[in-house]
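J.: Okay, handing you the structure first.
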Amino acid sequence: MSAKSLCEVLSITYPIIQGGMAWISDADLAAAVSNAGGLGVIAAGNAPASVIAEQLDKIKNLTDRPYGLNVMLMSPFADDIIALAIEKKVPVVLTGAGSPGKYMSDLKAAGIKIVPVIPSVALARRMEGLGADAVVAEGMEAGGHIGTLTTMTLVPQVVDGVDIPVIAAGGIADGRGMAAAFALGASGIQVGTRFLVATECNVHPDYKQMILDAKDTSTGISGNSTGHPVRVIKNRLYRQLVAMEKSGESPEAIETFAAGALRKAAVEGDITYGSVMAGQSAGLVHKAESSAEIVQDLLNQFRKLVSDFPDPLK
Ligand code: TUI
């Protein structure tokens, strides 16, 4: 456990981080979450630095509060995006889909807070050793690119393994999940899927509707055979990918088939042949609200729950 609170470390009001979602979380969503007292996050995904530079310029006009930039490390532009984060003095850099080891000293020297998203204790400890300010421990309930452990088992093991604040992610969409995360020893939560339907989220309306229509079993994992498992809402693309994997198609053929599919769903609204990445908590997301309403609802439900907590042993 860490002595300094996550809110102190990141200079935010509430320990609620908006998950970085490639092709989706832009300056509008991130500013709305930061203005609500959480940490809004712009996702760089596979975009080139020029596109992200525009978003970073935009957010400075939308909020005075700290915000984050999520750097997807499998991106061919990751080096440029890190250089941009340093140039633009982004307050917090979060990383996903790889180890940010080679960037850590430059980011630290620039005074940027570094919060790697990690799927294992070993990686959390490595990140702590390299100077990470906090880690996001992301379980396989999350949407998009995932590891193998569940949030329930990953979070307490990471909490036991490091002395920096741990942010729980994967499967958290309401105050109950928030309370569970704190019970597991987390210092904060990261929420992605619920913010997909936020009024300030610019993802295609058909993508939002698919989240609102989702039930508990609506998501599945494709890409296990390529080494890049991804959780999505099951649709025709998902079934085609799973069939390709079953028939022993090469990882290259599968990755080529899936390339560009997230953009297709998120930007063009092709929810049949696009990749509708979402977490298992999609089944908990029932209504479109503003980011401020989502943050307040998480806090209200959390506070009520912990103050009236029944003794299950009575
Ligand atoms: O990064 C994510 N989730 C993502 S990234 C993304 S964009 C994308 N688009 C197309 C195909 C694939 C991805 C969509 N969702 N979450 C954080 C996360 N990081 N989950 C798992 C990891 C991770 C995995 C391996 C972090 C580090 C790691 O390190 C391996 C190593 O290098 O030791």
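The values are calculated or read from the model by the stated rules, or taken from the named source; none is laboratory data. Note that the coordinates shown come from a computational prediction; the quantities given were computed from them, not determined experimentally. Reconstructed Cβ throughout: ideal geometry from the backbone, glycine too, with neighbour counts over all protein chains shown. Just so you know, the surface numbers come from the protein's heavy atoms only, side chains and all, with ligands and any DNA or RNA stripped out. Shrake-Rupley method; radii C 1.70, N 1.55, O 1.52, S 1.80 Å.
J.: Quick check, is residue 121 among the aliphatic types (A, V, I, L, M) and near the ligand (Cβ under 10 Å from one of its atoms)?
T.: So residue 121 does not fit the description; no.
J.: Cβ contacts < 7 Å: first residue under 16 Å from residue 189 (Cα atoms), restricted to region 285-307; second residue crowded, with 17+ Cβ neighbours inside 10 Å and hydroxyl-bearing (Ser, Thr, Tyr), any location; separation 6+ or different chain. Result?
T.: 295/14; 299/14
J.: If only one of 153, 148 is within 13 Å of the ligand (Cβ to nearest atom) and either outside the structural domain of residue 219 (by TED's automatic domain parsing) or not in a loop (DSSP other than H, G, I, E, B) (or both), which one is it?
T.: 148 is the lone residue from the list that is within 13 Å of the ligand (Cβ to nearest atom) and either outside the structural domain of residue 219 (by TED's automatic domain parsing) or not in a loop (DSSP other than H, G, I, E, B) (or both).
J.: Can you pull out the residues in region 156-215 that are among the aromatic types (Phe, Trp, Tyr) and farther than 15 Å from residue 291 by Cα?
T.: Scanning region 156-215 gives 182, 207.
J.: So if I check each of 260, 223, which one is crowded, with 21+ Cβ neighbours inside 10 Å and not assigned by TED's automatic domain parsing to the domain that holds residue 16?
T.: 223 is the lone residue from the list that is crowded, with 21+ Cβ neighbours inside 10 Å and not assigned by TED's automatic domain parsing to the domain that holds residue 16.
J.: Count, please, the residues in region 32-52 that happen to be small (Gly, Ala, Ser), without any contact (Cβ under 8 Å) to a residue 60 or more places away in the chain and in contact with a helix residue (DSSP H, G or I) (Cβ under 6 Å, 6 or more places away or on another chain).
T.: Residues flagged as small (Gly, Ala, Ser), without any contact (Cβ under 8 Å) to a residue 60 or more places away in the chain and in contact with a helix residue (DSSP H, G or I) (Cβ under 6 Å, 6 or more places away or on another chain) within region 32-52 amount to 2.
J.: Could you list, in sequence order, all residues of region 164-190 that are closer than 12 Å to residue 285 by Cβ and surrounded by 24 or more Cβ atoms within 10 Å (Cβ to Cβ)?
T.: Residues satisfying the conditions are 172, 173.
Listed here are the residues, each with its yes/no results for (1) within 10 Å of the ligand (Cβ to nearest atom); (2) open to solvent by less than 30 Å² (accessible area, probe 1.4 Å); (3) outside any strand (DSSP E or B).
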site: 34; (1), (2), (3): no, yes, yes
site: 51; (1), (2), (3): no, no, yes
site: 74; (1), (2), (3): yes, no, yes
site: 83; (1), (2), (3): no, no, yes
site: 90; (1), (2), (3): no, yes, yes
site: 94; (1), (2), (3): yes, yes, no
site: 117; (1), (2), (3): yes, yes, no
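J.: Exactly one of these conditions fails for residue 55: (1) assigned to a helix (DSSP H, G or I); (2) at pLDDT below 95; (3) of a type in the set (S, T, N, Q). Give me its number.
T.: For residue 55, the failing item is (2).
J.: Looking for something in contact with a Lys or Arg (Cβ under 6 Å, 6 or more places away or on another chain), surrounded by fewer than 18 Cβ atoms within 10 Å (Cβ to Cβ) and more than 28 Å from residue 218 (Cβ to Cβ) - is there at least one such residue anywhere in region 122-135?
T.: Checking region 122-135: at least one residue is in contact with a Lys or Arg (Cβ under 6 Å, 6 or more places away or on another chain), surrounded by fewer than 18 Cβ atoms within 10 Å (Cβ to Cβ) and more than 28 Å from residue 218 (Cβ to Cβ).
J.: Of all residues in region 283-314, count the ones that are among the polar types (S, T, N, Q) and either at pLDDT below 95 or on the phi > 0 side of the Ramachandran plot (or both).
T.: 1
J.: Also, quick follow-up: Which residue out of 133, 79 is modelled with pLDDT of 95 or more, in contact with a strand residue (DSSP E or B) (Cβ under 8 Å, 6 or more places away or on another chain), more than 9 Å from the ligand (Cβ to nearest atom) and of a type in the set (D, E, K, R)?
T.: 133
J.: Give the residue that is farthest from the ligand (Cβ to nearest atom), with candidates limited to residues of region 11-27 that are in contact with a strand residue (DSSP E or B) (Cβ under 7 Å, 6 or more places away or on another chain) and more than 24 Å from residue 146 (Cα to Cα).
T.: Step by step, filter region 11-27, then rank; the result is 12.
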